[in-house]
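Participant: Here's a structure for you.
The values are calculated or read from the model by the stated rules, or taken from the named source; none is laboratory data. Note that the structure is a prediction, hence the values are computed from the model and not measured. Quick reminder, even Gly has a Cβ in these numbers, built from the backbone with ideal geometry, and neighbours come from all protein chains shown.
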Amino acid sequence: MPERPNESKAGKGSPASEPSGTGARWLRRIRSRRITVLDRSMEPTFRPGDRLWLDTGAYRGVPVARNDVVVIVDPARSDRHLLKRVAGIAGDFVRVSREGAERISHASPEGVPGPESALEEIEVPPGHVFVLSDRPRGSRDSRQFGPVPLALVVGRVWGGAGADAPR
């Protein structure tokens, strides 16, 4: 009996396995939609006018991973979507500075100040991700609005016409 496109060879119903092969590529294409980059927050990776594929079903049974490029619902305006890169997942510690953010192995001990450039250190709570723009200056991301609930993640970008578009 032929394999159904939404099942992987790793085992039927295996939640952590992502479909592979030709059927999986077609499934990803079918459940994806084209989006166009409108602002400069992800430069130099993506520029205004770049057309990308957004897989809205990418995280069904598969967790969000660090460095994924995702589209989220803007936490401040639900009628707007933002293109961002995942910098931290649940349980990660992130040190925020004016220049951006970095993942660290653990928070600084209480009473011991972090580096001078650090504004704060955040532990990403369960069910959330910490997202950043590739262009930190003049962009809105988790440095301003905090960790984003997974419910606001629309999908993962998997290809397109950007300089470093993920494939």
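Participant: Would you be able to tell me the number of residues in region 75-96 that are free of Cβ contacts under 8 Å to residues at least 24 places away in the same chain and among the charged types (D, E, K, R)?
Facilitator: 3
Participant: Is it true that some residue in region 48-63 is of a type in the set (Asp, Glu), modelled with pLDDT of 85 or more and outside any loop (DSSP other than H, G, I, E, B)?
Facilitator: Looking through region 48-63, at least one residue is of a type in the set (Asp, Glu), modelled with pLDDT of 85 or more and outside any loop (DSSP other than H, G, I, E, B).
Participant: Okay, moving on. Considering only region 52-70, state which residues are surrounded by 20 or more Cβ atoms within 10 Å (Cβ to Cβ) and out of contact with any helix residue (DSSP H, G or I) (no Cβ under 8 Å at 6 or more places or on another chain).
Facilitator: The initial filter retains those residues of region 52-70 that are surrounded by 20 or more Cβ atoms within 10 Å (Cβ to Cβ), namely 52-55, 58, 68-70.
Matches in region 52-70: Leu52, Leu54, Asp68, Val69, Val70.
Participant: Considering only residues that are under 15 Å from Leu83 (Cα atoms) and surrounded by fewer than 19 Cβ atoms within 10 Å (Cβ to Cβ), which ones fall in region 125-136?
Facilitator: Arg135, Pro136
Participant: Find the strands (runs of 3 or more DSSP E) located wholly in region 72-121 whose residues include 1 or more that are modelled with pLDDT under 90 and acidic (Asp, Glu), and list them.
Facilitator: Values: elements: 81-89, 93-97, 100-104.
Where strands (runs of 3 or more DSSP E) fall fully within region 72-121 and carry at least 1 residues being modelled with pLDDT under 90 and acidic (Asp, Glu), they are 100-104.
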